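Peer 1: First the structure, then my questions, so here it is.
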Amino acid sequence: MPVPGFPSSIPVSTDAIHDSFVISRDDRILVTGAAGFIGVRVVEELLDRGFHNLACFVRPSSDLAGIEAIVKRHPQSVRIDILKGNLLSRADCEAACKDVAVMFHLAGGTGEKSFPDVFMNSVVTTRNLLEACLRYARLQRFLLVSSFAVYSNRQKSQYLDESCPLEAHPELRGDAYCFAKVKQEQIVVDYGEKFGIPHVVVRPGSVYGAGKRGLVGRVGLGTFGLFLHLGGPNTIPFTHVDNCAAAITLAGLVKGIDGEAFNVVDDDLPTSRQFLRLYKNSVRHFRSVYVPHMVSYSLCYLWEKYSQWSAGQLPPAFNRGRWYAQWRKTRYSNEKLKTMLNWKPRAATVDGLRLYLQSCAQGEGHA
Amino acid sequence: MLKVAIVGCGKIADAHASVIQRVEGCEIVGVCDREPLMAKQLQERFPIRKCFGEVGELLSEARPDVVHITTPPASHFEIAKVCLERGCHVYVEKPFTLDADQAQRLVELAEKKGAKLTAGHNNQFSHVARRMRALVESGYLGETPVHMESYYGYDLGDPSYARALLGDQQHWVRRLPGKLLHNIISHGIARIAEFLTCDHQHVIAHGYASPFLNGIGETDIVDELRVMICEEGRTTAYFTFSSQMRPSVHDFRIFGSKNGLLLDQDHEILLRLRGAKFKSYAEYFIPPLLFARQHVGNLLGNARLFLARDFHMDSGMKYLVESFYCSIRDGAPVPIPYRQILLTARIMDAIFDQLRHQLPNRLVAGRSRADLAFQAQPLASKMIEPSSTGVESQSGTMRART
């Protein structure tokens, strides 16, 4: 929900930036995961840009308060269909994809530790949507929202951009989400190559904003009452949910970018240490211990080796692959996003973080 | 080399593949799922030779000796039947089948085909459960058990499963005869069935949707269950399934005429409960010390197992799989006697049958306590008896792998 003091509906010039979107404003747009943290903002962004024929695919159990609030804020001429269903059902996917010109696919398995569960809710569902799209042959773009989790981050330079290699063996990273996201991207690219489905992939960094709470894993891990600060001097690839939604929306609409991938991070990113300090000062104080990179790398290496040696007595939750992906010192780029999509972060990081931490503090107060 | 196949590549298949790759002398020659992507993802993560989309294709091409069935329970019977008819030995995940009749027919078919069957009651083979079994067999309890209590807690807040179930009206669990209970309680019931000595039991069951479920408008799912199981003049047992009880325990207590035992599955703790008492005030001081000593013993035992790399989360399943494969290779008895599998299925049938005849939960929602008290029905009991087919050759106590 919008944060007080931060404009929830930022005026968007509907014509100034791009006069050539892949669809007209009457065409039907499907947003999966529309009731989710980013999905709601994407829906609002599309409406703000003048697209008025939207279908929002949500789970039957989804909280629709966010979408309902958006509907109230927009004129009655806007058509928003709420489609309740399960993307594992091919019939539901076919019904949802009928006449769709652009698909914003945000739904996916998150927060689950089981590989089959996340895979099913990310990859099988994506395949069902792609198959359904083939049936109707109206699709102008399939926009997949992926994640930074797909990068191996083992490139020589500390600089991470869209040209960096993806995780070649996601099954070894011990991270079900990474495995599913790599496979999800693969299947979208495969369908693009085999069947000519025009697609674009967006990889947001750590998306924050009102409604999210807690510290991202890139900063560190809480364990046995102590917070292990692993990020240290690393830059945290934050993107405010409104900035992220704007990037996703543009990537789904702008002409001439089929087959491209875009990383989404904001400007003026804080280091892990700066963010942790802000969090402690604004939200709550707790004990933390900084673990230098050399030590965290060694611990991940030892955990990985012990996991192998003990045949999985400890699952390989920590390993070198994960260390590189999450805790290696890395700098991030949003140049491609700015150059090709003319994207500009609307929410300045300093303001976005301030309001985010305020909302975290309010949440802590209510907890 | 034993050739193994897995049918059904969902969450539990991961545990099977992980265990099988740690068992010596076997190889996963194929996995199968109607959803080819699911079969493929399992193959990519484990050393598996090939993946298939049809069971028939798997059996014809991969020619497995053993098939692990890890599909949703509604398909267990049909898939197991096909596999047994092809002469494969079959490991069926819990719940074994939808009802006792299906279980009986599978057992008969296995015997006819000279194949072996087992059920995924892996909790009965954890380190602590095996220690308990050894003590019972040594006569620690006395003669026949007098009474048992089996607690099975289930946290509905567990996001990996419960949220999916509660949010999906079409979830396969809802279509099982016993719904949520059907998918979960066999572990707790099988613990009791292992030590029941007769084939005739009275089962009295009472189930209801918890206030938590009623509060979120969920009235189809029974998540609180209390069961009493009585053998004519002999052993009795209570079974408790609860989603709301905290701590959410998985305990088993068994009392004999001499002593008792307490098994705490969650913490891998086994405590001996002395039948004899100490004199006077000694009863207040010596038993706590003895319990403390036992707890230290459990701690050291668990640490020793961990250091020996033999304390995996799924160690019970590994032992069950090893014992089952051993029974296939060496002709040893199956690790879970068929009598226990059938008895577990019959007790579950009796429970679900009684729940179906209880006040429907949706009527319960919204009524006051007084209304409920007024309308409470006397609890009916159901006598369960074995069917007449002979499975005596497999009956007996739980057999440990030699």
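Peer 1: With respect to B:VAL4, determine if the residue is out of contact with any His (no Cβ under 6 Å at 6 or more places or on another chain), within 12 Å of chain A (Cβ to nearest Cβ), assigned to a strand (DSSP E or B) and crowded, with 20+ Cβ neighbours inside 10 Å.
Peer 2: No, not satisfied.
Peer 1: Now for a different question. Residues to consider are A:ASN334, A:ASN342, A:ASN319, A:ASN281; find the one that is loosely packed, with under 13 Cβ neighbours inside 10 Å, of a type in the set (S, T, N, Q) and in contact (Cβ under 8 Å) with a residue 12 or more places away in the chain.
Peer 2: Result: A:ASN342 is the single residue among A:ASN334, A:ASN342, A:ASN319, A:ASN281 that is loosely packed, with under 13 Cβ neighbours inside 10 Å, of a type in the set (S, T, N, Q) and in contact (Cβ under 8 Å) with a residue 12 or more places away in the chain.
Peer 1: Here is a check on your reading of the model: is A:LYS113 touching a Ser or Thr at 6+ places or on another chain (Cβ under 8 Å) and basic (Lys, Arg)?
Peer 2: yes
Peer 1: Do we have B:ALA74 as assigned to a helix (DSSP H, G or I), within 26 Å of B:ILE347 (Cβ to Cβ), touching a residue at least 24 places away in the same chain (Cβ under 8 Å) and within 14 Å of another protein chain (Cβ to nearest Cβ) here?
Peer 2: No: the conditions fail for B:ALA74.
Peer 1: Within segment A:63-96, track down each residue that is acidic (Asp, Glu), closer than 23 Å to A:PHE142 by Cβ and exposed (fewer than 15 other Cβ atoms within 10 Å of the Cβ).
Peer 2: Result: A:ASP81, single match.
Peer 1: Sticking with this one: Among B:GLU143, B:GLU149, B:GLU111, B:GLU137, which is closer than 30 Å to B:SER60 by Cα and more than 14 Å from chain A (Cβ to nearest Cβ)?
Peer 2: B:GLU111
Peer 1: Do any strands (runs of 3 or more DSSP E) lying entirely in segment A:232-351 carry at least 2 residues that are away from chain B (no Cβ under 14 Å), closer than 25 Å to A:TYR208 by Cα and of a type in the set (A, V, I, L, M, F, W, C), and which ones are they?
Peer 2: Passing ranges, in order: A:261-264.
Peer 1: Continuing with the same structure: Among the residues of segment A:174-198, what is the count of those that are buried (at least 23 other Cβ atoms within 10 Å of the Cβ) and not in a helix (DSSP H, G or I)?
Peer 2: The number of residues fulfilling the criteria is 1.
Peer 1: Also: Could you say whether any residue in segment A:97-105 is within 11 Å of chain B (Cβ to nearest Cβ) and not small (Gly, Ala, Ser)?
Peer 2: No: zero hits.
Peer 1: Sticking with this one: How many of the residues making up segment B:7-45 are outside any helix (DSSP H, G or I) and either touching a helix residue (DSSP H, G or I) at 6+ places or on another chain (Cβ under 8 Å) or touching a residue at least 60 places away in the same chain (Cβ under 8 Å) (or both)?
Peer 2: So the answer is 15.
Peer 1: Does A:PHE286 count as in contact (Cβ under 8 Å) with a residue 24 or more places away in the chain, over 19 Å from the mean Cα position of the chain (by Cα) and surrounded by 15 or more Cβ atoms within 10 Å (Cβ to Cβ)?
Peer 2: no
Peer 1: Go through segment B:1-23 and give me each residue that's modelled with pLDDT under 95 and more than 25 Å from the chain's Cα centre (by Cα).
Peer 2: B:MET1
Peer 1: Do you know which residues across segment A:34-47 are crowded, with 20+ Cβ neighbours inside 10 Å and out of contact with any His (no Cβ under 8 Å at 6 or more places or on another chain)?
Peer 2: A:ALA34, A:ALA35, A:GLY36, A:ILE38, A:GLY39, A:VAL40, A:ARG41, A:VAL42, A:VAL43, A:GLU44, A:GLU45, A:LEU46
Peer 1: On to the next question. Which of the following residues is more than 17 Å from B:ILE328 (Cα to Cα), modelled with pLDDT of 95 or more and either among the acidic types (Asp, Glu) or more than 18 Å from the chain's Cα centre (by Cα) (or both): B:ASP33, B:ASP65?
Peer 2: Step by step, each of B:ASP33, B:ASP65 is checked, and only B:ASP33 is more than 17 Å from B:ILE328 (Cα to Cα), modelled with pLDDT of 95 or more and either among the acidic types (Asp, Glu) or more than 18 Å from the chain's Cα centre (by Cα) (or both).
Peer 1: Same structure again: With A:SER62, A:SER122, A:SER89, A:SER114 as the choices, which residue is within 14 Å of chain B (Cβ to nearest Cβ) and under 26 Å from A:VAL22 (Cα atoms)?
Peer 2: A:SER122
Peer 1: Report the residue count in segment B:163-204 for those that are free of Cβ contacts under 8 Å to residues at least 40 places away in the same chain and touching a Ser or Thr at 6+ places or on another chain (Cβ under 6 Å).
Peer 2: Within segment B:163-204, residues that are free of Cβ contacts under 8 Å to residues at least 40 places away in the same chain and touching a Ser or Thr at 6+ places or on another chain (Cβ under 6 Å) number 1.
Peer 1: It is to be established whether one or more residues within segment A:127-137 are buried (at least 16 other Cβ atoms within 10 Å of the Cβ) and more than 14 Å from every other protein chain (Cβ to nearest Cβ).
Peer 2: Among the residues of segment A:127-137, at least one is buried (at least 16 other Cβ atoms within 10 Å of the Cβ) and more than 14 Å from every other protein chain (Cβ to nearest Cβ), which makes the answer yes.
Peer 1: Residues to consider are B:LEU98, B:LEU84, B:LEU58; find the one that is within 19 Å of B:MET1 (Cα to Cα), of a type in the set (A, V, I, L, M) and away from every other protein chain (no Cβ under 14 Å).
Peer 2: Criteria check complete, one pass: B:LEU58.
Peer 1: Next up: Are there any pairs, at least 6 apart or on different chains, whose C-beta atoms fall under 8 Å, with the first in segment B:296-315 and at the interface with chain A (Cβ under 9 Å from one of its Cβ atoms) and in contact (Cβ under 8 Å) with a residue 12 or more places away in the chain and the second exposed (fewer than 13 other Cβ atoms within 10 Å of the Cβ) and part of a helix (DSSP H, G or I), and if so, which?
Peer 2: none
Peer 1: Please go through segment B:59-87 and give me each residue that is surrounded by fewer than 23 Cβ atoms within 10 Å (Cβ to Cβ) and in contact with a helix residue (DSSP H, G or I) (Cβ under 8 Å, 6 or more places away or on another chain), ordered by number.
Peer 2: B:LEU59, B:ASP65, B:PRO72, B:ALA74, B:PHE77, B:ILE79, B:LYS81, B:VAL82, B:GLU85, B:ARG86, B:GLY87, listed by residue number.
Peer 1: When B:ALA190 is evaluated against the numbered criteria (1) modelled with pLDDT of 95 or more; (2) surrounded by fewer than 20 Cβ atoms within 10 Å (Cβ to Cβ); (3) of a type outside the set (D, E, K, R), which criterion, by number, is the only one it fails?
Peer 2: If we test B:ALA190 against (1) modelled with pLDDT of 95 or more; (2) surrounded by fewer than 20 Cβ atoms within 10 Å (Cβ to Cβ); (3) of a type outside the set (D, E, K, R), just (2) comes out false.
Peer 1: Looking at (1) touching a residue at least 40 places away in the same chain (Cβ under 8 Å); (2) out of contact with any Gly (no Cβ under 7 Å at 6 or more places or on another chain); (3) of a type in the set (A, V, I, L, M, F, W, C), find the lone condition where A:LEU166 falls short.
Peer 2: Failing condition for A:LEU166: (1).
Peer 1: Something else about it: Restricting attention to segment B:303-355, which residues are among the β-branched types (Val, Ile, Thr) and under 30 Å from B:PRO177 (Cβ atoms)?
Peer 2: Answer for segment B:303-355, where residues must be among the β-branched types (Val, Ile, Thr) and under 30 Å from B:PRO177 (Cβ atoms): B:VAL321, B:VAL334, B:ILE336, B:ILE341, B:THR344, B:ILE347, B:ILE351.
Peer 1: Quick test of your reading of the structure: B:ARG49 fulfils all but one of (1) surrounded by fewer than 16 Cβ atoms within 10 Å (Cβ to Cβ); (2) out of contact with any strand residue (DSSP E or B) (no Cβ under 6 Å at 6 or more places or on another chain). Name the failing condition by number.
Peer 2: The single condition B:ARG49 does not satisfy is (2).
Peer 1: A further question on this structure: With segment B:281-378 as the region, which helices (runs of 4 or more DSSP H) entirely inside it contain at least 1 residues that are at pLDDT 95 or above and under 30 Å from B:GLY217 (Cβ atoms)?
Peer 2: Of the helices (runs of 4 or more DSSP H) lying wholly inside segment B:281-378, those with at least 1 residues that are at pLDDT 95 or above and under 30 Å from B:GLY217 (Cβ atoms) span B:338-357.
Peer 1: State whether one or more residues within segment B:328-341 are within 14 Å of chain A (Cβ to nearest Cβ) and surrounded by 13 or more Cβ atoms within 10 Å (Cβ to Cβ).
Peer 2: Within segment B:328-341, none of the residues are within 14 Å of chain A (Cβ to nearest Cβ) and surrounded by 13 or more Cβ atoms within 10 Å (Cβ to Cβ).
Peer 1: The conditions are (1) farther than 28 Å from A:ARG41 by Cα; (2) buried (at least 18 other Cβ atoms within 10 Å of the Cβ), and A:LEU226 fails exactly one of them. Which is it?
Peer 2: Every condition holds for A:LEU226 apart from (2).
The values are calculated or read from the model by the stated rules, or taken from the named source; none is laboratory data. In this text the structure is predicted, and so the values were computed from the model without any measurement. When we count neighbours, we look across all protein chains shown, and the Cβ atoms used for this are built from the backbone with ideal geometry, even at glycine.
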